[in-house]
Amino acid sequence: MELYQLTAHQLHEKLVNKEVTAREITESIYNRIEAVEEDVKAYITLTKEDALKQADKVDEKIANGEEIGPLAGIPIAIKDNMSTEGVKTTCASKILHNYKPPYDATVIKKLSAEDYIMVGKTNMDEFAMGSSNENSGFYPTANPWDLTRVPGGSSGGSAAAVAAGEAIISLGSDTGGSIRQPAAFCGVVGMKPTYGLVSRYGLVAFASSLDQIGPFSKDITDCAIALNYIAGHDEFDSTSANREVPDYTASLNKDITGMKIGVPSEYFGDGIDQEVKDAVWTAIKKLEELGAEYEEVSLPHTEYALSAYYLIAPAEASSNLARYDGVRYGLRSEEVKGLVDMYKKTRQEGFGDEVKRRIMLGTYALSSGYYDAYYKKAQKVRTLVKQDFDRAFEKYDVLISPTTPTTSFKAGAKKDPLEMYLSDICTIPINLAGIPALSMPCGLDSNGLPIGLQIMGNHFGEEKILQIAHAFEQATDFHKKRASL
Amino acid sequence: MLDGYEMTVGLEIHVQLDTDTKIFCGCKNEFGAEPNNHTCPICLGLPGTLPVLNEKAVEYIVKAGLALNCEINTFSKFDRKNYFYADLPKAYQISQFDLPFCEDGHVMIQLEDGADMKIGITRIHLEEDAGKLNHAGEGIASSDSSLVDYNRVGTPLIEIVSEPDIHSPEQAIAYLKKIKSILEYIGVSDCDMSQGSMRADVNISVAPKGSDKLGTRTELKNMNSFKAIEKALKYEPKRQIKVLESGGEIIQGTLTWDDEAGKTIPMRSKEEAHDYRYFPEPDLVPVILDQEWIEGIRETLPELPDARQKRYVEELGIPEYDAMVITADREMADFFEAVVEEHNDAKAISNWIMGDFSRLLNEESITIAEVKFKPADLAKMLKLMDEGTISSKIAKTVFEEMFATGKDPDTIVEEKGLKQISDTSELEKIIDQVIADNQSALEDYRGGNKNVFGFFIGQTMKATRGKANPGMVNKILREKLEG
């Protein structure tokens, strides 16, 4: 087996036992990138030179007999909406095509402290708006399982990078499903932690009250390890939770006997593909075999979640994206007459259609006279959605549903934005409620495409999610299946 | 002047808080640095950065709210006010909309006729300041380039919004001065209008007297001098009345005050006004204040101008007007009290402070902190007067010398030989000479023109270069002239 096919915990063992060097691992990743990147297009920027230097540093530490952590020497890909000092951070938007931040995001600082190796910055839907990675301002990313299909969005590049062996782990961001949906489409593990568990400092904001950074990995153990190192309070993020971070790997091997699973009926409705439903039910039955109990439960406000989301997220986005005006960095339109003209032309040239659509939607929802009818109403719905979950978690340890209504669709297949928005219908309520959720592979459809299982937990209930997920993983082989690229 | 009409003024006063660092980041909050030297990714609003609230700013606004008799909200939150401008890096200002820290306050002002008046304060909220544009050329319209200085971005600002209780320029100025005085007392801001630490948006409307509805208002933005505000408040209502009288309508909008031309100029109309699209700031959690903590802040409040004024009148027995003038400025009042401690004649001290002292401060345009002599020196000078060592006229000279050099009055009197001449025989000799030199005046006096007496006093003082003891001169002269 090639090194790029292994997990972080496998590689760590080999590093510690001096079976391989960090340089060999890194070179294996870049060789793989050379072989497949032309087809996959998972990356916007590669940082090979720095990566090899970093690998040598790790090898030196090992040679000197220094102890290394589980992420030392592990090649990790970073979604291109996380600030990396001196390395382009474009958000896949023309408006930031040349922007190099002067500072590192908190997650980057934390990973750097662990001697991780940054492979590069991954492709995404522009400013994290999209469900297919077709909205990148540069080029779309392909699904490694079928290059004619989409990897999902908006962290499609990060998901595809792990699925294609172009990174061992990657970071994505999830505003309405942007980690879990591409994880499902690409057959990898993806987790959106509780809002506030991972610092957002340095994450270029899409919708501040919904965004959360999380990891992609090949298996649950790697997910837990990555979470261990990115979670925790940050004094630079007022919304970050000030509470002790547990060791997430510690809960992995705990018995799940007696755990209570709720199965929300609203997530198995008409829009959900039968093959997907079947696979998820099979998984639930499997968990029952392993000792868990399940029961159907109703989350009655689920049907309003999508509408509320598409008011709140664009409203915040319209404000967050107003700073891209050509005054200080990024694109500035040339041949402009005066300040207002500069704003208009810069934004007209710099933003893609989906971003413009949401800015307009959000501006409208916040404007005087419409605020109460749209934004405020949406916030009320958000509270109701949250209360649905609160009630459910009084009774159940986790909830289980499909991650996506369908498996990956063909590139260009969804022309209508509304149809595209529906692909996040199972993931969006989780962001509104701020709870954690994970997607992991639970089967393949008749086209041989991965199916995602979504496990949701209560606020800061990551441990239970990982415990159930790990039990399922140990009892099945889905996580071992790789895209044949 | 406003025949048949009443004007109503609303004031929104912006005051920069004197915290060490900015409101949402660790950059220095300091006026006068090289452009863009006090900036970081956070205050520049670079992608991905987040604000973290400076607790000192909250302490200061609560202090201000308590000093201005406000209710303090224990649950408060921040909102975003969205608009595009080159000096606003995030294209929104973090401010407060529906849940400000302070509401329902008031201050008392004294009018020139001695009447007290209560002016209501609707709210005080906390927000961040924007940067500053420096336009090449004459102004924004004619310049071909503009440079932005972001040092001021993120300076903590409080906005104090008044109730529409103000109906004259005098009331408006008295209100502004009272607010300034109180904020200086509690030490939350230097309120330096020339540096923009205090500036006001002024809303003006007129309505027929007795009307229960306010007229359409116009707004003057960013006024930063009392004089200009006063002039504008005299001009704008007249302009509005003229428009109304000629059958026109007041257009609601923003005006600027052209100080040179002495008139208001339209800037933008209501149609062009911003829709700020306020919504709760998702990057900051709501602020929950502990009642005990608020009470702790209340305990740190110093004696405020109104209380001090009352004490001066009641305990020191100085006139209400003097007390008001002196207590308006905390440094002035502190200085006054320090002199009173050394010399038990409050009225005499207040006369000097309000007279020559204030005049010289104005002429030299320096602050009390920069004054060279000590309060004890003034007390010493007053003692010299009481003892008859110097006359009140000489005291003026001594005071000016003290002010200019910081030397103590004993030294000045000694060095300049200013000691009063109280020696009877010496004075008699001088007066004899004065009379001898002015025989015709003597005849006038003796002929019944008693007004000439003053002339002889003057001549005697001249001959002694002001050092003669006036009481004694008076006595000796009268005796000699009466012959």
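The values are calculated or read from the model by the stated rules, or taken from the named source; none is laboratory data. All values derive from a computational prediction rather than experimental measurement. Note that we place each Cβ from the backbone using ideal geometry, even for glycine, and neighbour counts take in every protein chain shown. Note: accessible area is taken over every heavy atom of the protein model, side chains too, but ligands, DNA and RNA are not part of it. Shrake-Rupley method; radii C 1.70, N 1.55, O 1.52, S 1.80 Å.
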Point to revise | Approximate spin-label separation A:Ser298-B:Lys209, in nm, with each point projected 7 Å along Cα-to-Cβ | key: 7.0
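Pop the C-beta distance of B:Ser225 and B:Ala463 into the FRET formula with R0 = 41 Å and round what comes out to the nearest 0.05.
On the way: r = 48 Å, r/R0 = 1.18.
Rounded to the nearest 0.05, the efficiency is 0.25.
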Review point. What lysines sit close enough to A:Lys414 to cross-link, taking a C-alpha to C-alpha distance under 21 Å and skipping anything fewer than 8 places away on the same chain?
Key: A:Lys41, A:Lys356
Study note, to complete from the structure: Over its alpha-carbon atoms, chain A yields an Rg and a Dmax in Å of 21.2, 70
Practice item. Summarise the partner chain shielding of B:275-287 as one whole number: the mean count of Cβ atoms from other chains within 10 Å of each residue's Cβ. Key: 6
Practice item. Determine the shielding of peptide A:236-242 by partner chains: average, over its residues, the number of Cβ atoms on other chains within 10 angstrom of each Cβ. Key: 4
Check your understanding: At a Förster radius of 51 Å, what calculated FRET efficiency corresponds to the Cβ-Cβ distance of B:Asn134 and B:Glu55, to the nearest 0.05?
Key -> 0.95
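In the structure displayed, which of B:Lys56/B:Lys234; B:Lys180/B:Lys374; B:Lys118/B:Lys221 lie more than 30 Å apart, Cα to Cα? Display every interim value, and only then the final one.
Working: B:Lys56/B:Lys234 39 Å; B:Lys180/B:Lys374 26 Å; B:Lys118/B:Lys221 25 Å.
Exceeds cut-off: B:Lys56/B:Lys234.
Restrict the search to the range A:227-318; then list the trypsin sites (Lys or Arg not before Pro) that DSSP places in a loop and that have at most 16 other Cβ atoms within 10 Å of their Cβ. Mind showing how you got there, number by number?
Working: sites: A:Arg243, A:Lys254, A:Lys260, A:Lys277, A:Lys285, A:Lys286; in loops: A:Arg243, A:Lys254.
Filter output for the range A:227-318: A:Arg243, A:Lys254.
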Check your understanding: Where a ≥ b ≥ c are the square roots of the eigenvalues of the C-alpha gyration tensor, would you call chain B rounded, which needs a/c under 1.5, or, failing that, prolate if a/b is larger than b/c, or oblate?
Key -> prolate
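Can you tally the net charge around B:Ile368? Count Lys and Arg as +1, Asp and Glu as -1, for every other residue whose Cβ sits under 10 Å from the Cβ of B:Ile368. Show your work: numbers first, answer last.
Values: positive: B:Arg330; negative: B:Asp329, B:Glu331, B:Asp334, B:Glu370.
Counting the neighbours of B:Ile368, the net charge comes to -3.
Select from the range A:374-465 those trypsin sites (Lys or Arg not before Pro) which occupy a DSSP coil region and have at most 15 other Cβ atoms within 10 Å, ordered by residue number.
Those satisfying the criteria are A:Lys415.
Quick check on the protein assembly as shown: take the gyration tensor over C-alpha atoms, sort the square-rooted eigenvalues as a ≥ b ≥ c, and tell me if it's rounded (a/c under 1.5), prolate or oblate.
Values: a/c = 3.02, a/b = 2.52, b/c = 1.20.
Prolate.
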Check your understanding: Ignoring ligands, DNA and RNA, how much accessible area is buried between chains A and B, both sides summed, with a 1.4 Å probe, to the nearest 100 Å²?
Key -> 2700
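When Cβ neighbours within 10 Å are restricted to other protein chains, what is their mean count per residue of peptide A:75-84?
On the way: counts 0, 0, 0, 0, 0, 0, 2, 1, 5, 0.
What the average comes to for A:75-84 is 1.
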Check your understanding: Per the helix-only calculation at 222 nm, which mean residue ellipticity applies to chain B, given -39500 (n - 2.57) for every DSSP H run of n ≥ 4 and division by its residues, nearest 500 deg cm²/dmol?
Key -> -11500 deg cm²/dmol
Point to revise | Computed FRET value (nearest 0.05) for B:Gln291 with A:Lys410, which takes r as the C-beta separation and R₀ as 51 Å | key: 0.25
Exercise for review: Would you calculate the separation in nanometres between label points at B:Ser392 and B:Arg446, each defined as 7 Å from the Cα along the Cα-to-beta-carbon direction?
Suggested key: 3.3
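Counting pairs on different chains as well as pairs 8 or more places apart, how many Lys pairs in the range B:424-482 have Cα atoms under 15 Å apart? Write out the running numbers ahead of the final one.
Working: B:Lys429/B:Lys462; B:Lys429/B:Lys467; B:Lys429/B:Lys475; B:Lys429/B:Lys480; B:Lys450/B:Lys475; B:Lys450/B:Lys480.
So the count of such lysine pairs works out to 6.
Among rounded, prolate and oblate, which fits the range A:1-150 when a ≥ b ≥ c are the square roots of the eigenvalues of its C-alpha gyration tensor, a/c under 1.5 means rounded, and a/b larger than b/c means prolate? Let's see the in-between values first.
Details: a/c = 2.50, a/b = 1.51, b/c = 1.66.
Oblate.
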Study note, to complete from the structure: Any chymotrypsin sites (Phe, Trp or Tyr not before Pro) in the range A:241-273 that lie in a DSSP loop and have at most 10 other Cβ atoms within 10 Å would be none
Review point. Using +1 on the beta carbon of Lys and Arg, -1 on that of Asp and Glu, and nothing else charged, what's the dipole of the protein assembly as shown about the Cα centre, debye to 20?
Key: 1620
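Show me B:337-343, A:3-9 ranked by packing, highest mean number of other Cβ atoms within 10 Å first. All intermediate terms of the calculation are to be shown ahead of the outcome.
Working: B:337-343: 17.4, A:3-9: 20.1.
Final packing ranking: A:3-9, B:337-343.
Please give the contour-minus-distance gain from A:Glu2 to A:Glu49: 0.36 nm per residue of separation, less the Cα-Cα distance, rounded to one decimal in nm. Walk me through the numbers on the way to the answer.
Working: separation 47, 0.36 × 47 = 16.92 nm, distance 2.15 nm.
Stretched out fully, the A:Glu2 to A:Glu49 stretch lengthens by 14.8 nm.
Only four residue types carry charge here, +1 at the Cβ of Lys and Arg and -1 at the Cβ of Asp and Glu. Report the dipole size of chain B about the Cα centre in Debye, rounded to the nearest 20.
Details: 55 positive and 85 negative charges, 210 e Å.
Charge dipole, chain B, about its Cα centre: 1000 debye, nearest 20.
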Point to revise | Residue-wise HN-Hα coupling along the range A:149-165, computed from phi with Karplus coefficients 6.51, -1.76, 1.60 (Hz; x: Gly, Pro) | key: 10, 8, x, x, x, 8, 8, x, x, 5, 5, 5, 4, 5, 4, 8, x
Point to revise | Farthest toward positive dipole pole in the range A:64-167 [+1 Lys/Arg, -1 Asp/Glu at C-beta], among A:Met124, A:Leu96, A:Gly73 | key: A:Leu96
Practice item. Would you mind telling me the antiparallel percentage of the DSSP bridges in chain A, rounded to 5? Key: 65
Review point. Counting DSSP beta bridges in the range B:197-270, what percent are antiparallel, to the nearest 5?
Key: 75
**Study point:** Reachable aspartates and glutamates, given that their alpha-carbon falls under 18 Å from the alpha-carbon of A:Lys395 and they are not under 8 places away in the same chain
**Key:** A:Glu266, A:Glu288, A:Glu293, A:Glu295, A:Glu296, A:Glu462, A:Glu463
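Report, in order of residue number, the helices in chain B meeting two criteria: a C-alpha extent of 15 Å or more along the helix axis, and a mean Kyte-Doolittle hydropathy of at least 0.0; treat each whole DSSP H run as one helix. Show your work: numbers first, answer last.
Values: long enough: B:55-67 (18 Å, 0.43); B:169-186 (26 Å, 0.11); B:226-245 (29 Å, -0.68); B:330-342 (19 Å, -0.19); B:375-386 (17 Å, 0.20); B:392-405 (19 Å, 0.20); B:424-437 (20 Å, 0.03); B:452-463 (17 Å, 0.99); B:470-482 (18 Å, -0.51).
Those that clear 15 Å and a mean of 0.0 are B:55-67, B:169-186, B:375-386, B:392-405, B:424-437, B:452-463.
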Point to revise | Pairs beyond 29 Å (Cα-Cα), from A:Lys345/B:Lys90; B:Lys177/B:Lys416; B:Lys231/B:Lys396; A:Lys410/A:Lys464; A:Lys192/A:Lys345 | key: B:Lys177/B:Lys416; B:Lys231/B:Lys396; A:Lys410/A:Lys464; A:Lys192/A:Lys345
